[in-house]
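The block underneath contains the structure these notes are about, expressed in structure tokens.
The values are calculated or read from the model by the stated rules, or taken from the named source; none is laboratory data. Since we're looking at a predicted model, the values are computed, not measured. Counting neighbours? That spans all protein chains shown, and the Cβs are built from the backbone with ideal geometry, glycine included.
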Amino acid sequence: MAIAASKGPSYENIMKDILSGNVKPVYLLMGAENYYIDKIVDAVVEKTLSEEERDFNMHVFYGGDTDINNVINAAQSFPMGAARALVILKEAQELKELENIAYYLQNPQPSTVLLIIYKNGVVDRRKKFVSLISSLGVVFESAKLSDNQLPGLIRTYAREKHVVIDEKSVSLIAESIGADLIRLYGELDKLFLALPNGVPITPELVEKNIGISKDFNFFEFQNALVEKNAVKAFQIVKYFDKNPKANPIQATLPMLFRFFSNLMMAYYAPQKSPAGIGNYIGMRDWQVEKNIYPAMRVYSAKKVLDILSEIKCADEKSKGVGGARITNGDILKQLVAFILN
């Protein structure tokens, strides 16, 4: 389960240590990607205390509802009927005087495991308490994955589960679900469990088990624009308009902007081979051959620049900027008409 690189120990190494029983005395878990933080917390709880021991030895605090003294007092206490006590500070970003945890870290209780959870942000690593945590235990920054990393993540997860999945299904899942990893892994697990042994995943199975249309999705929408297939493009826009929860314009516009931004960058790649363009814009060779090369043949660099500007205008309209009174379906129709003309 490879993830985005970050400073300090990797998620894989942290989990390997925990699952082998090597639980550190203190963890600072921070960053924008909650999925990996939650997985580490669950693993620490599982390895530190049995279910019977948790009633008296697991203390959970929320940053907005406590103060640093309560956390320190709990961390300094001795376990009752267990080898270790577990103190979990959630929403640490809401706790005033968090830096004062340094007083405890200078002389930590050997039988305590302290988890500090700082989601949707990062702590300045130059702070004294962060340095102390790094020397005693683990500082982990869970970075948000880019959309370009999702296909590789899906392939890796499928391989770990001994499931065969074709590239169209990978792209379909990645484009439709995006970088919401909690939902992504949940949908993949549901899909894998529904498979008879040895049956490969196809777009038809994705449509049946995850509810993503194999014919009306962003992957096919992008193909229609690349091929300048106006009939298909407008059919998909109509489908999106009728199914706004599954295909919100707030998700469609950023994906369009990313595709045409990559296309714009391709014109400036030093090497115009599939590998050269792929390395320059962060795509695989086959993606360049399937999407970027055909698009470069039908869209000039000037047109792509104009399209990017028009997507920004569409985004503003969808947010009501300028008092525009137009439905999201009409915004997308106007944008597609501009792109194809």
**Request:** Look at GLU46 and say whether it is assigned by TED's automatic domain parsing to the domain that holds LEU136, acidic (Asp, Glu) and either touching a residue at least 24 places away in the same chain (Cβ under 8 Å) or within 30 Å of GLY178 (Cβ to Cβ) (or both).
**Result:** yes
**Message:** Based on this model, can you work out whether ALA92 counts as buried (at least 18 other Cβ atoms within 10 Å of the Cβ), touching a residue at least 24 places away in the same chain (Cβ under 8 Å) and more than 28 Å from GLU12 (Cβ to Cβ)?
**Reply:** no
**Prompt:** So which helices (runs of 4 or more DSSP H) are wholly in the stretch 198-242 and hold at least 1 residues that are in contact (Cβ under 8 Å) with a residue 40 or more places away in the chain and in the same structural domain as ARG297 (by TED's automatic domain parsing)?
**Reply:** 218-226, 230-242
**Asked** If you check LEU263 against the conditions, is it closer than 27 Å to ARG183 by Cα and surrounded by 15 or more Cβ atoms within 10 Å (Cβ to Cβ)?
**Response** no
**Message:** Pairs please, first residue from the stretch 269-280 and under 16 Å from ASN291 (Cβ atoms), second anywhere and of a type in the set (Phe, Trp, Tyr) and crowded, with 17+ Cβ neighbours inside 10 Å, Cβ atoms under 9 Å, 6+ apart in sequence or on different chains.
**Reply:** ALA269/TYR280
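A quick yes/no check of all residues on (1) assigned by TED's automatic domain parsing to the domain that holds LYS168; (2) more than 24 Å from LEU332 (Cβ to Cβ); (3) surrounded by fewer than 16 Cβ atoms within 10 Å (Cβ to Cβ):
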residue	(1), (2), (3)
ASN247	no, no, no
LYS272	no, yes, yes
TRP286	no, yes, yes
VAL298	no, no, yes
ILE311	no, no, no
**Message:** For the stretch 280-297, check the following and say yes or no: at least one residue is aliphatic (A, V, I, L, M), over 28 Å from the mean Cα position of the chain (by Cα) and in a helix (DSSP H, G or I).
**Reply:** yes
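Residues are listed down the side, and each one gets a yes or a no for (1) of a type in the set (Gly, Ala, Ser); (2) in contact with a Phe, Trp or Tyr (Cβ under 9 Å, 6 or more places away or on another chain):
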residue	(1), (2)
LYS312	no, yes
ASP315	no, yes
SER318	yes, no
ILE326	no, no
LEU332	no, yes
ILE339	no, yes
**Prompt:** Hey, which of the helices (runs of 4 or more DSSP H) in the stretch 1-107, taking only ones fully inside, have at least 3 residues that are more than 29 Å from the chain's Cα centre (by Cα)?
**Reply:** 54-57, 68-76, 101-105
**Request:** Please indicate, with yes or no, whether at least one residue in the stretch 301-308 is more than 24 Å from GLY152 (Cβ to Cβ), more than 27 Å from the chain's Cα centre (by Cα), small (Gly, Ala, Ser) and at pLDDT below 90.
**Result:** no
